[in-house]
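Please read the structure below before turning to the comments.
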Amino acid sequence: MSKETSYYVTTPIYYVNDSPHIGHAYTSLACDALARFMRLDGRTVKFLTGTDEHGEKVAKAAAEAGVAPQEFVDRISARFRALGTTLDFTNDDFIRTTEPRHIESVRQLWRELVKRDWIYLGTYAGWYSVRDEAFYAEKELVDGKAPTGAPVEWVEEPSYFFRLSAWQDRLLAFYEANPDFILPATRRNEVVSFVKGGLNDLSVSRTSFDWGVPVPDDPGHVMYVWIDALTNYISAVGYPDMNAADYRTFWPADVHMVGKDILRFHAVYWPAFLMAAEIAPPKRVFAHGWWTNEGAKISKSVGNIIDPHDLVARYGVDQVRYFLLREVPFGNDGDFSHRAMIGRKNGDLANDFGNLVQRVLSMVQRNCAAAAPEPGPFDSADRALLDQAWGSLPTLREQYARQRFHLALIHLWGVIGAANRYVDEQAPWALRKTDPARMNTVLYVLVEVIRHLAILSQPVTPRGAAKILDQLAVAAEARDFGQLGAAGAIPPGTALPKPEGVFPRHDPDAMVPGS
Ligand code: MSP
């Protein structure tokens, strides 16, 4: 498999101190849409997610639950897997940092860094936030707290350090040479100015607790949870075996998808660790924004956590997926509100897309003997609409390549809008009596446009898209992007099953289980 046709996308691995919420669902959903898009476009994809199971935060959560750490992490990790089932995620792998394949990998990376003298033993004396699992300099504190608002504690202990200070110029040169390494551009600027501000050596081991990967040759230390966690991205492709088929196919990763809060770890520490070990850094880190809930910051203490399982139960999987990727320009912060969610479900999905499909397929069913009609010659209106549908792929490729999911969806809904206008203008119901041959052409054009819309919407609304393709009698193996345009055109005369509604309107009586 050549690197050009492979695509490797990763989510952050999630801390197992708590159950999954909408923030986790969001990061993974973006990766899922990307992975699905690339597979449909003929690439060999590896989509990785998993759980981050070591460190002080997780150890404390286990102690509070009165359970041994391994038992605790097994339990919570399973909930993150279940989230994938609820949201139709298609990850190819699920990595856990307590797995032997990962422990071996991170220990080897450590040895490579020691061998090249990038790690030395010293003493850490400074501030640490368990919630952020991050070290903070005195000057970074705001009113005695971490800049994130998390409490900090004074830590003084023997520690290994990574010579991060030596990487300032090399990192700046790397960002300069790879302008798309950090997206969106505003985030890139933040990272560049952080690095320009100077880098301190980074403490990379802890001695005050033992829930972590022991440092090779010095088991009194466990590795700092971030060096442990970041390494998952190469463990999953076979590191330290750099000849492993997956490693050769997929590394360097195409995109590490992260939230803006953990960009520094991915865009500063990670490429420095990798380059220091003479391993290629990933091609891109994309930092998305944060969701608030009806205007308020989401937090456990406020009690306004949005449970993705509840959302899906209330609104439907496709609807939640569509809403999250359409509502907010990807990269910006966004606000969740039930009003906005219902607006998208009823407006974009039920009215615009669902009704188009329902109207057209019902007319075909009634007026064309339940089979794809035989078209006559296409006029300029037909061609314009078909061209718009056929020409969507290059636009979508461009948007997906830069993780602009909202723009990809806006483009598709532009085609949906054009198709709805075409139905109104052509009025096929009136042609039935006056010009049945023309009615057949119009309905054929619409069937083909709907086939395109269904194929292209699969990454975001896979269930609805599959239902539409079933109703168009498109075989399961004829649903990829290679089938766009004339290649996969529905042969006139193809029998079409009885249409059923695809994107239902919101039922205000639908209750969230348990509420
Ligand atoms: N374990 C680390 C990542 C290690 S990756 C080598 C971690 N885990 S996390 O569980 O705390 O967060 C994972 C992701 O969830 C982050 O990308 C974070 O931005 C995202 N979100 C958490 N809350 C969020 C919102 N309210 N909104 C959007 N995403 C948010 O960090």
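The values are calculated or read from the model by the stated rules, or taken from the named source; none is laboratory data. It should be emphasised that the depicted structure is a prediction, and the values quoted were computed from it without experimental measurement. No Cβ is skipped: glycine too gets one built from the backbone with ideal geometry, and neighbour counts run over all protein chains shown. For the accessible areas, the whole protein counts, side chains as well, though only heavy atoms, and no ligand, DNA or RNA atoms are used. Shrake-Rupley method; radii C 1.70, N 1.55, O 1.52, S 1.80 Å.
Miscellaneous remarks
- Per-residue [θ]222 nm for the chain (sum of -39500 (n - 2.57) over DSSP H runs n ≥ 4, rounded to 500): -13500 deg cm²/dmol
- Heavy-atom accessible surface of region 304-355: percent carbon and sulfur, 1.4 Å: 42 percent
- About the Cα centre, charge dipole magnitude for region 303-378 (Lys/Arg +1, Asp/Glu -1 at Cβ), debye: 280 debye
- What the pair-distance distribution of the chain shows, using all Cα-Cα distances binned every 20 Å from zero, is 21, 49, 24, 6, 0 percent.
- Placing pseudo-labels 7 Å out from each Cα toward the beta carbon at Asp18 and Ala437 gives an inter-label distance of 6.8 nm.
- Simple point charges give the picture: +1 on the Cβ of Lys and Arg, -1 on the Cβ of Asp and Glu, and for the chain a dipole about the Cα centre of about 1280 debye.
- Relative contact order (%) - criterion: Cα under 8 Å, at least six apart; region: region 382-515: 21 percent
- Label zone at Arg116 (point 7 Å along Cα-to-Cβ), backbone N below 19 Å, region 250-289: 251-253, 265-284
- Computed from the Cβ-Cβ distance with R0 of 51 Å, the FRET efficiency linking Trp390 to Ala166 stands at 0.45.
- Anchor Lys498: lysines whose Cα lies under 21 Å away (excluding residues fewer than 8 positions away in-chain): Lys467
- Largest accessible area first, the residues Phe135, Phe194, Phe72 order themselves as Phe194, Phe135, Phe72 under a 1.4 Å probe with ligands, DNA and RNA left out.
- Here the simple spin-label model places points 7 Å from the Cα toward Cβ, and for Thr86 and Phe194 these points are separated by 3.0 nm.
- Computed accessible area, Asp246, all protein chains, 1.4 angstrom probe, square angstrom: 60 Å²
- Paramagnetic reach from Asp310 in region 75-95 [backbone N under 19 Å; point 7 Å along Cα→Cβ]: 79-80, 82-84, 86-87
- If the chain linking Thr44 and Ala478 were pulled fully straight, counting 0.36 nm for each residue of separation and taking away their Cα-Cα distance, it would gain 154.5 nm.
- In the context of the full set of protein chains, residues of the chain present 40 Å² of accessible surface per residue (probe radius 1.4 Å, heavy atoms only).
- Annotation for region 175-246 versus region 90-121: alpha-carbon center distance of 10 Å.
- Counting protein heavy atoms only, region 142-199 has 52 percent of its accessible area on carbon and sulfur, 1.4 angstrom probe.
- Using heavy atoms of the protein chains and a probe of 1.4 Å, the accessible area assigned to His221 is about 10 Å².
- Relative contact order [Cα under 8 Å, 6+ residues apart], the chain, whole percent: 16 percent
- Computed on region 341-452, with alpha-carbon pairs under 8 angstrom and 6+ residues apart, the relative contact order is 43 percent.
- Gained length - Asp379 relative to Leu141, 0.36 nm times residue gap less alpha-carbon distance: 78.9 nm
- Divide the volume of the convex hull around the Cα atoms of region 205-336 by the residue count and you get 165 Å³ per residue.
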